[in-house]
Amino acid sequence: MPEAPPPLAAEQGFDALVIGAGFAGLYQLHALRDRLGLRVRVLEAADGVGGTWWWNRYPGARCDSESHAYAFYFSDDLLQSWDWSERYPQQPEILRYLNHVADRLDLKRDITFDARVTSARWDATAALWRVATQDGRRYAAPFLVTAVGCLSSTNMPDIPGREDFAGAIHHTGEWPHEGVDFTGKRVGMIGTGSTGIQAAPVLAETAAHLTVFQRTANYSIPARNRPLDEDFKRWAKDHAPEIKQAMHSTPNGHAWPIGERSALEVDAAEREAAFRAAWEKGGLALRATFRDILTSRAANDTAADFIKARIREVVKDPATAALLAEIDHPFATKRPPIDTGYFETFNRDTVALVDIRADPIDRITPTGLRLRSGAEHALDVIVFATGFDAMTGALLRMDITGRDGLALREAWAAGPRTQLGLQVPGFPNLFTITGPGSPSVLTNMPVAIEQHVEWISDCIAQLRRTGAATIEATEQAADDWVAHVNAAANATLMPQAGHSWYLGANVPGKPRVFMPYAGGMARYRAICAEVAADGYRGFVTAGQAAPVPA
Ligand code: NA7
């Protein structure tokens, strides 16, 4: 006879449940607990805080936002009590920062670690979300906030033969905590997105040989990373209010403005000088050199041609250079990587580039990878830098069910539908931080996260003041917002990158819908504020909870 399953622990009740303890979950816990006085529990799958930065420990993992901007700005104490060491922070430093935040705000006592959420169901009678975790524990609360990140559900391509491989296979997004020793190993890396572009130079330093398997050639701009000097650190602390103000005024939440001129209104020499200056300075600001790089194909071509010329200049072998520079989409229409020595890496004798667009991977064999042509690549380790089931993957794998048994998977069968990326019709009191339909991945993430956390917290505070039990986005509002998100994307060149994860195109079978809001963070912030000021237009409130004094 099969053994009886262990009895489920008694359900624990809270005012709000938050899923995830990265940037978003930590701030959401602080905002609801310490400002609103709610009883909050955070459920986190990992055994520590950090979210994305807990999982992504691959060699070279680094943030593409500048460190002084990649931080919480809601608390002067946090800003003044932390020093970043480099222009672009490495993963271990960001993880230390998030632990510093959690300790400074005394957050860990309200986080349950090793608690992967496996289901969340709306109980309409009790007006409660009932949430279960993998270990069989159960929780309930009127409000459920997902803080699961946009890039947290790994995309592992279904290449046959994985189980036959005699060596080791690792995905960059689930990297072993003890690290991987590549010394003397023949390494194959699949994927040339931001991750592969960061990892390749570091892998090449220790591996006996590195083969990069490229399906789509990619632009990349030098990061020009460097240690920060004391003067800069002091300046950033002293000017925190101005930096915050600047980040809030730009479309992408970075502190630099978008150029006012068109790339086409200056002559070739002036344009070249502007691109050259941005290239030498390093970082993502190159795409802001001129105002129309993301909106005019002709303007974009000038930036694309500039970068392709740099690739051909750096890479010595003409065939390799041609393959790296044969980029099929406009610049910055896929997430533009920044790098430390990526193209230079291909000048090493021990590094090879293989074009798997022309000759796709057929299967993994016991000794390596075989391509469709029959070519064999002998490998000891395969690194999948193949990205994520972005924006919706982590939400859909949690088995969320709303009103009348509606599964989120069903509601989003044709692609995500949200009001402002914050709520989904049919799912009362569920809030999705940096959800699809919000600017999220098109911005400097902490800026987007702070705005969402504050909007959600204000909304919950307002409900408690009025005594309403639930809030839910209307179908009409979601339809209107999806139309607006599409229009905003179509006003840019971004939908032209047909294989980008912004469109869900990297995951076989995923609906092709442009998911993030491309209308800009500043405009989005204004829309969200207007919606709230207009009595939460596009949402309905219902029911009667006991009003709570403000
Ligand atoms: P990305 O940007 O999605 O890049 C994944 C890479 O892996 C990209 O080059 C893909 O090629 C390639 N890929 C994906 N699936 C396959 C298969 N089946 N075969 C071959 N190659 C494949 O993920 P990253 O982790 O680099 O970056 C994610 C974000 O994290 C990044 O944008 C930052 O915001 C941080 P493709 O282009 O699809 O042809």
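Listed values, structure above:
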{"item": "Residue match in the stretch 194-201 (condition: over 17 Å from the mean Cα position of the chain (by Cα) and either polar (S, T, N, Q) or open to solvent by 20 Å² or more (accessible area, probe 1.4 Å) (or both))", "result": "no"}
{"item": "Members of the stretch 124-156 that are open to solvent by less than 30 Å² (accessible area, probe 1.4 Å) and within 30 Å of Leu379 (Cα to Cα)", "result": "Ser153, Asn155"}
{"item": "Qualifying position, being in contact (Cβ under 8 Å) with a residue 12 or more places away in the chain and farther than 30 Å from Ala352 by Cβ, among Thr216, Thr289", "result": "Thr289"}
{"item": "Test: residue in the stretch 356-368 that is open to solvent by less than 40 Å² (accessible area, probe 1.4 Å), within 16 Å of the ligand (Cβ to nearest atom) and among the acidic types (Asp, Glu)", "result": "yes"}
{"item": "Qualifying residue in the stretch 371-392 (condition: of a type outside the set (D, E, K, R), surrounded by fewer than 17 Cβ atoms within 10 Å (Cβ to Cβ), outside any loop (DSSP other than H, G, I, E, B) and not assigned by TED's automatic domain parsing to the domain that holds Phe72)", "result": "yes"}
{"item": "Qualifying residue in the stretch 99-109 (condition: closer than 19 Å to Lys244 by Cα, assigned by TED's automatic domain parsing to the domain that holds Ser457 and touching a residue at least 40 places away in the same chain (Cβ under 8 Å))", "result": "yes"}
{"item": "Selection within the stretch 202-227 - over 23 Å from the mean Cα position of the chain (by Cα) and surrounded by fewer than 18 Cβ atoms within 10 Å (Cβ to Cβ)", "result": "Glu205, Thr206, Ala208, Arg226, Pro227"}
{"item": "Those residues of the stretch 516-528 which are touching a residue at least 40 places away in the same chain (Cβ under 8 Å) and out of contact with any Phe, Trp or Tyr (no Cβ under 8 Å at 6 or more places or on another chain), in sequence order", "result": "Ala518, Gly519, Gly520, Met521, Ala522, Arg523, Arg525, Ile527"}
{"item": "Filter result for the condition that a residue is at pLDDT 95 or above, surrounded by 15 or more Cβ atoms within 10 Å (Cβ to Cβ) and either over 25 Å from the mean Cα position of the chain (by Cα) or within 16 Å of the ligand (Cβ to nearest atom) (or both), over Ala473, Ala488, Ala522, Ala468", "result": "Ala468"}
{"item": "Qualifying positions in the stretch 393-440 - in contact (Cβ under 8 Å) with a residue 12 or more places away in the chain, over 30 Å from Ile169 (Cβ atoms) and part of a helix (DSSP H, G or I)", "result": "Arg403, Asp404, Leu408, Ala411"}
{"item": "Any chance Gly149 is away from the ligand (no atom under 16 Å from the Cβ), touching a residue at least 24 places away in the same chain (Cβ under 8 Å) and not in a strand (DSSP E or B)", "result": "no"}
{"item": "Residue that is in a loop (DSSP other than H, G, I, E, B), open to solvent by 20 Å² or more (accessible area, probe 1.4 Å) and over 23 Å from His248 (Cβ atoms), where the choices are Ile169, Ile159", "result": "Ile159"}
{"item": "Residues (within 16 Å of the ligand (Cβ to nearest atom) and closer than 16 Å to Arg109 by Cα) located in the stretch 33-83", "result": "Gly50"}
{"item": "Checking Leu422 against (1) open to solvent by 10 Å² or more (accessible area, probe 1.4 Å); (2) more than 16 Å from the ligand (Cβ to nearest atom), the condition it does not meet", "result": "(1)"}
{"item": "Single match in Gly179, Gly184 (criterion: farther than 28 Å from Asp362 by Cβ and either without any contact (Cβ under 8 Å) to a residue 40 or more places away in the chain or open to solvent by 30 Å² or more (accessible area, probe 1.4 Å) (or both))", "result": "Gly179"}
{"item": "Matching residues in the stretch 480-506 - criterion: being in a loop (DSSP other than H, G, I, E, B) and touching a residue at least 12 places away in the same chain (Cβ under 8 Å)", "result": "Ala491, Thr492, Leu493, Ala497, Gly498, His499, Ser500, Gly504, Asn506"}
{"item": "Candidate set: the stretch 374-395, residues that are away from the ligand (no atom under 16 Å from the Cβ) and in contact with a Ser or Thr (Cβ under 8 Å, 6 or more places away or on another chain); chosen: the one nearest to Ala120 (Cα to Cα)", "result": "Leu395"}
{"item": "Residue that is farthest from the ligand (Cβ to nearest atom) [pool: residues in the stretch 107-118 that are of a type in the set (D, E, K, R) and open to solvent by 50 Å² or more (accessible area, probe 1.4 Å)]", "result": "Arg109"}
{"item": "Sole residue being at pLDDT 95 or above, open to solvent by 20 Å² or more (accessible area, probe 1.4 Å) and closer than 19 Å to Gly179 by Cα, chosen from Arg121, Arg96, Arg104, Arg41", "result": "Arg96"}
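The values are calculated or read from the model by the stated rules, or taken from the named source; none is laboratory data. In this text the structure is predicted, and so the values were computed from the model without any measurement. With ideal geometry, Cβ positions are generated from the backbone for all residues, glycine too; neighbour counts draw on all protein chains shown. The accessibility values were calculated without ligands, DNA or RNA, using every heavy atom of the protein model including side chains. Shrake-Rupley method; radii C 1.70, N 1.55, O 1.52, S 1.80 Å.
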